[in-house]
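Data block below; observations after.
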Number of protein chains: 2
Amino acid sequence: MTTAVSPLAPPRFPQMPEVPGVRLATAAAGIHYPGRTDVLLVLLDKGTGIAGVFTRSKCPSAPVDWCRTRLKAGRARALVVNSGNANAFTGKSGREATKLTAEITAEVAECRRGEVFLASTGVIGEPLDAGKFTPVMDELVQTAAPGQWQAAAQAIMTTDTFPKGAAAVVRLDDVPVTICGIAKGAGMIAPDMATMLAFVFTDAPIATPVLQDLLTRGVTDTFNAVTVDGDTSTSDTLLAFATGAAAAHGVAKITRAGDSRLAPFRKAFDSVLANLAEQVARDGEGARKLVEVIVEGAASKRAARRIALSIANSPLVKTAIAGEDANWGRVVMAVGKAGERADRDRLSIWFGGIRVARKGERDPDYDEDAVSAIMKRPEIAIRVDLGLGKGRDRILTCDLTKDYIAINADYRS
Amino acid sequence: MTTAVSPLAPPRFPQMPEVPGVRLATAAAGIHYPGRTDVLLVLLDKGTGIAGVFTRSKCPSAPVDWCRTRLKAGRARALVVNSGNANAFTGKSGREATKLTAEITAEVAECRRGEVFLASTGVIGEPLDAGKFTPVMDELVQTAAPGQWQAAAQAIMTTDTFPKGAAAVVRLDDVPVTICGIAKGAGMIAPDMATMLAFVFTDAPIATPVLQDLLTRGVTDTFNAVTVDGDTSTSDTLLAFATGAAAAHGVAKITRAGDSRLAPFRKAFDSVLANLAEQVARDGEGARKLVEVIVEGAASKRAARRIALSIANSPLVKTAIAGEDANWGRVVMAVGKAGERADRDRLSIWFGGIRVARKGERDPDYDEDAVSAIMKRPEIAIRVDLGLGKGRDRILTCDLTKDYIAINADYRS
């Protein structure tokens, strides 16, 4: 199994400011991995609101069920994340493990059980021994401190090759407020799959329904526009927390999604989501190339998305990119199989800025050498114009390499 | 690029009888491959009926368009298949190439242009020079002979590692009639993708609408129940031809799908389709294991199919099989992402005959060593019982190995 850092990784973990009202701590509870941290505790000041989006899997993990139920009250005081065990497909014992974890945490965090949120990533189908959190919980609460983003991002990694963080500062009522997020990518871990998890924190005073609106709308073109292999985890979880601490500096609470002050905040919030989502694609298993698929001229945005996902998830397109082959025939194939309206004779395709096909035929001006040079780059853009309407969408993905197979097939051999 | 014969190949090409009214010939026209046959001509006696099913791609190849249009008349006198060039995404020149090929063939076969059927497989987006058929056409017509199945199956291969044929003999009105079919698999060919093609021939006197009904119903659980990578060719074509020659031996023509004589014929016809479809899965690119996915207890057959395809197309399930890992967590994932009704707590999963999970948890009696032994076999059955209803379906696929990547990514490097 390869352990080298992805060649598409950012050069370093970003500088990330503290978020007032948020303290973080990590510990090694020995859940699955030897010699590394595997538990993250985040303590949140009173009054923190929470919003969330989750996997669409019909077989979600126990922590996903837990969070969905507790989200309705909209209040959070603690977040516990463990790596090494996904607590998925663990039946009744899984539900008991979530309850026990929340109880242990609520006691030391001095809050209600329903104010504790949970996420787990790692092995599927193995019982999670929640008792392992007990010995480290006091230490976690005592060492919790603001700004421990990198340690937090590291503790939740599974087969990620680098920790993922992103931050933005934006003015609300002329007061700087902060948005910080961490994520872990769609990876695998012996003997089972892992998960995409992300957590975003802000001190902006934002009412819970507005925070949920921000998140729901924000994921459409960020986390929901990233695919590695088209497989959907049982555990995907994205939670957003708003402590409201900036209210103490005179920021009036935002209670309506239509509040005009929200526009710059939404932009910054979306940029953090987009940055994290891109890092997930950059750490796709075995990835050597970041691929941006842009579909234009579709009948609708929805049609553009289906076609872009068909291209981005096609093993044939992904292996062609891995082979540095501008194989537009496979792009045509992926457009054709998406099931959306397409007219072969209006289709144009670009790799990088170079048009390789137009009006249903190879572009006569297409320079093979120029395209070959583009295909050697670590970041490749595939653009398709269907010539039908105004629908446009963009999906990020990565190539499909032998390392993907090695990571996912070879670990037992 | 690997050229070894798939380890899942049948030991030899089957013995296949002649089909009265069908003569075959192959030639090397130098379309793409050096030193091998790449054109198949099949001559069909007067009165031959034809039925067909095609790719669902919205960007079909020129030969697919050609066949769809000519199918309405329901009469065939010749079939021309070439490998090496798919004549797909070739625009106006592609349409002209189909017309010219049909004209060249009609002249030597002494039939109408509309009675010539065409299929092409190989490179996409390269103009097909139909003029290359002219020099070999006389030779093809002169050498056409019954029973040349193996040569025919070889001429239409692209990255297939073995030729695919299947036959059945069944009694109609107490007269033996023959069903013979050849196919080529879902493979790739530098620099572009190839196609699934299959052609089935019988001397049974079957009216065209009945033949179309046989074919349309027959593919549901055969060719439409096989997947290698979930990618859909622009060119997939399955044609069935009925010469009716057995009428001379006293078989009365079958003109209604409800004819009671049809039942044993349908069974034999379906067995030929199933046999060919299984061979396609056995020759999936890089395949080392044949995988049978059985879904039971679903809300409906349609739901069972979607779930089975979700499992069969999941890169994570396919790489686990390649790694000989009974990774039922990934099967749960694939069930969950299919979008059909599923209740985690009712789900049971078997590898081979061994139940590994039941009622939403790992089966406590599950013997890891016994399952490991099963996973080492070349043929693996995954069975899922959803515990919801009576919907059942079965999909054949293969594992996802490094050789798949090598075949599809490395050929230019």
- [ ] Using only the Cα atoms, work out Rg/Rh for the protein assembly as shown, with Rh taken as the Kirkwood radius, to two decimals.
- [x] 1.03
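In debye, nearest 20: dipole of chain A around its Cα centre with unit charges on the Cβ of K, R (+) and D, E (-)? Display every interim value, and only then the final one.
Numbers: 51 positive and 47 negative charges, 234 e Å.
With Lys and Arg at +1 and Asp and Glu at -1, about 1120 debye.
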Task: chain A: angle of helix A:91-109 to the longest principal axis, Cα-based, in degrees nearest 10 - done: 60 degrees
TODO: Output the Cα-based Rg and Dmax of region A:290-412 in Å, rounding Rg to one decimal and Dmax to a whole number.
DONE: 14.4, 49
Open item on the list: Once you place label points 7 Å from the Cα toward the Cβ at residue B:367 and residue B:92, how far apart are they in nm?
Closed with: 7.1 nm
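For region B:81-118, run through the trypsin sites (Lys or Arg not before Pro) and keep only the ones in DSSP coil with at most 15 other Cβ atoms within 10 Å of their Cβ. Kindly include the intermediate steps, with their values, before the conclusion.
Numbers: sites: B:92, B:95, B:99, B:112, B:113; in loops: B:112.
Passing both the DSSP loop test and the Cβ count: B:112.
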- [ ] Please provide three numbers in whole Å: the alpha-carbon extents of region A:343-400 along the principal axes, with the largest listed first.
- [x] 31, 28, 18
- [ ] Answer with one residue from A:133, B:20, B:83: the one whose Cα lies farthest towards the positive end of the charge dipole of the protein assembly as shown, charges on Cβ with Lys, Arg +1 and Asp, Glu -1.
- [x] B:20
Open item on the list: Compute the helix-to-body angle for B:62-71: its Cα long axis versus the longest principal axis of chain B, expressed 0 to 90° and rounded to tens.
Closed with: 70 degrees
Task: Cut-off under 5 Å, modelled amide H: who pairs with residue A:381 long-range - done: A:292, A:352
TODO: Take the Cα gyration tensor of chain B, multiply each eigenvalue by 5, square-root it, and list the three semi-axes largest first, rounded to whole angstrom.
DONE: 38, 25, 18
Task: Charge-dipole axis of chain A as Lys and Arg at +1 and Asp and Glu at -1 on Cβ define it, positive-most pick from A:93, A:206, A:291 - done: A:206
TODO: Using only atoms on other chains, find how many Cβ atoms lie within 10 Å of each Cβ of peptide B:334-341 and report the average.
DONE: 5
- [ ] For residue B:345 and residue B:45, calculate 0.36 nm times their separation in residues minus their Cα-Cα distance, and state this gained length in nm to one decimal.
- [x] 102.1 nm
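Mind scanning B:289/B:376; A:402/B:164; A:402/B:337 and naming the pairs with a C-alpha gap bigger than 18 Å?
Flagged as over cut-off: A:402/B:164; A:402/B:337.
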TODO: For region A:225-295, state which chymotrypsin sites (Phe, Trp or Tyr not before Pro) are in a DSSP loop and have at most 12 other beta carbons lying within 10 Å of their beta carbon.
DONE: none
Task: Label-point gap, in nm, between residue A:300 and residue B:4 - each point 7 angstrom along Cα→Cβ - done: 5.0 nm
TODO: Between residue B:56 and residue B:100, with labels modelled 7 Å along Cα→Cβ, what's the label distance in nm to one decimal, could you check?
DONE: 3.5 nm
- [ ] Within 10 Å of each Cβ in peptide B:350-362, how many partner chain Cβ atoms are there on average? Round it to a whole number, please.
- [x] 3
- [ ] Report, as an integer, the average count of C-beta atoms from other chains found within 10 Å of each Cβ along A:81-92.
- [x] 3
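Taking every DSSP beta bridge that has both residues in region B:290-412, what percent is antiparallel when rounded to the nearest 5?
Numbers: 16 of 23 bridges.
Once the DSSP bridges in region B:290-412 are tallied, antiparallel ones form about 70 percent.
Filter the trypsin sites (Lys or Arg not before Pro) in region A:313-400 down to the DSSP loop ones having no more than 16 other Cβ atoms within 10 Å, then list what survives. Please list the in-between numbers first.
Details: sites: A:318, A:330, A:337, A:341, A:344, A:346, A:355, A:358, A:359, A:362, A:376, A:383, A:390, A:392, A:394; in loops: A:341, A:359, A:376, A:390.
In loop regions of region A:313-400 (DSSP not H, G, I, E or B), the sparsely surrounded trypsin sites (Lys or Arg not before Pro) are A:341, A:359, A:376, A:390.
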TODO: Consider just the alpha-carbon atoms of region B:112-190 and return their Rg together with their Dmax, both in angstrom.
DONE: 16.1, 50
Open item on the list: Using only DSSP helix segments of four residues or longer, with each worth -39500 (n - 2.57), what per-residue ellipticity at 222 nm results for chain B after dividing by its residue count and rounding to 500?
Closed with: -9500 deg cm²/dmol
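How large is the convex hull of the C-alpha atoms of region B:39-149 per residue, in Å³? Mind showing how you got there, number by number?
Values: hull volume 11.3 nm³, N = 111.
So the per-residue Cα hull volume is 102 Å³.
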Open item on the list: Can you tell me how region A:24-93 classifies by the Cα gyration tensor, rounded, prolate or oblate, using a/c under 1.5 as the rounded cut?
Closed with: oblate
Open item on the list: If the only charges are +1 at each Lys and Arg Cβ and -1 at each Asp and Glu Cβ, what is the size of the charge dipole of region A:9-159 around the Cα centre, to the nearest 20 debye?
Closed with: 600 debye
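Laboratory data are not the source of any read-out in this text; all were calculated from the coordinates shown. Computed from a prediction, not measured in an experiment: that's the story for all the values here. FYI the Cβ positions are ideal-geometry reconstructions off the backbone, even for glycines, and counts take in every protein chain you see.
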